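The values are calculated or read from the model by the stated rules, or taken from the named source; none is laboratory data. No experiment lies behind these values; they were computed from the predicted model shown. Counting neighbours? That spans all protein chains shown, and the Cβs are built from the backbone with ideal geometry, glycine included. The accessibility values were calculated without ligands, DNA or RNA, using every heavy atom of the protein model including side chains. Shrake-Rupley method; radii C 1.70, N 1.55, O 1.52, S 1.80 Å.
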Amino acid sequence: MGRIRVLVVDDHRIFAEALATALSAEPEIEVGAAGSAAAAEHALERAAAEGRPFDILLVDADLGSVGGSLVPPRRPRQAVEPEAGPAPARRATTGVVPAPRRSGSVLVPQRPAGPPVVTAEQPAAVAPVRRPVDGIALLGRSCHTYPGLRAVVLAAEEDPRRAVRALYAGAAGWVAKESSLTRLLTVLRGVLRGETHLPPTLLTGVVRELTTARRDRTESERLVESLTPREKQVLRCMVAGLGRQAVAERLYLSPHTVRTHMQNVLGKLGVHSTLAAVALARRAGVGPAEPAGAPTS
């Protein structure tokens, strides 16, 4: 067996580089490091294109936003003297912070992190804020794109609900950041053998969450089964994100009839919005309607 290629993804750069250095000290492990979801996806894509794909994705559960962690912009201070002279010109600093290279490691250059500049001409109320992308979302996308990739979550705290979400996304292991390097290496080698590793203190909570999820799914399935065949068709169109007019055109019905069916679906499912109906349908395993013109079996 060749060397194990591990990609460490954590937006705390000191931690990521220290962990990469520690892992690369093992003779059979080759390590890469990325500080954002975007950098990680680029590294995975490049490695696959070069025919040297990563074997394990070791990702921080609390990974920040794409391009680096963001600090919410502070509200600008109100001027004590409104009649003061014009505000000084804004200065913008940009650039790529080079990542050091080490033998046995492939470090990915990171984009600089930092809050957007807020001045009197750019109030905080309208400052652009990017939505954070957590490590579990990155993990799910990566495991879907690269089926042979094994994923392990690094977490600052034990959270059974997030652990279950990670397992559903494709994770094979969950490791506390306070764990020893020996424990981490055991997990990394184990997941490559097809094992799933969870801390014993987390296992009870995970089993409880899985049991609850199964019970919720069973109840959701029961509610969906109460729908008529036509209402199920409408529900699948709702899951596909189609509006009333689009559903009417798809099913050759009038918009008024579709509105009636949608109201019946919400009533039978016991929800008050399309979004809630779609969430319940997803729990029951209901998929979206096939695109128009798609071949049917």
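Tell me whether region 147-276 comes out rounded, prolate or oblate; compute the Cα gyration tensor, take square roots of the eigenvalues as a ≥ b ≥ c, and use a/c under 1.5 as the rounded threshold.
Judged from the Cα gyration tensor, region 147-276 comes out prolate (a/c at least 1.5, a/b above b/c).
How large a share of the accessible area of region 148-236, in percent, is made up of carbon and sulfur atoms when the probe is 1.4 Å and the other protein chains stay in place?
Carbon plus sulfur share of accessible area: 52 percent.
Does region 144-204 come out rounded, prolate or oblate, given a ≥ b ≥ c as the square roots of the eigenvalues of its C-alpha gyration tensor, rounded meaning a/c under 1.5 and, failing that, prolate meaning a/b above b/c?
Here region 144-204 falls in the oblate category.
Under 1.5 on a/c is rounded, so check that first for region 234-276, then, if it is not, pick prolate when a/b is larger than b/c and oblate when it is not; a ≥ b ≥ c are the square roots of the alpha carbon gyration tensor eigenvalues.
Oblate is the answer for region 234-276, as a/c is 1.5 or above yet b/c matches or exceeds a/b.
Spin-label point model (7 Å from Cα, Cβ direction): what's the Ser273 to Thr21 distance in nm?
4.8
Pick out, in residue order, every one of the trypsin sites (Lys or Arg not before Pro) in region 1-67 that is DSSP loop and has at most 16 other C-beta atoms within 10 Å; say none if there are none.
Arg3
Name the residues whose placed amide hydrogens come within less than 5 Å of the amide hydrogen of Arg5, ignoring near sequence neighbours (fewer than 5 apart) on the same chain.
So Arg5 has HN proximity to Glu30, Asp55, Ile56.
If you count only protein heavy atoms with a 1.4 Å probe, what accessible area per residue comes out for region 8-52, rounded to a whole Å²?
41
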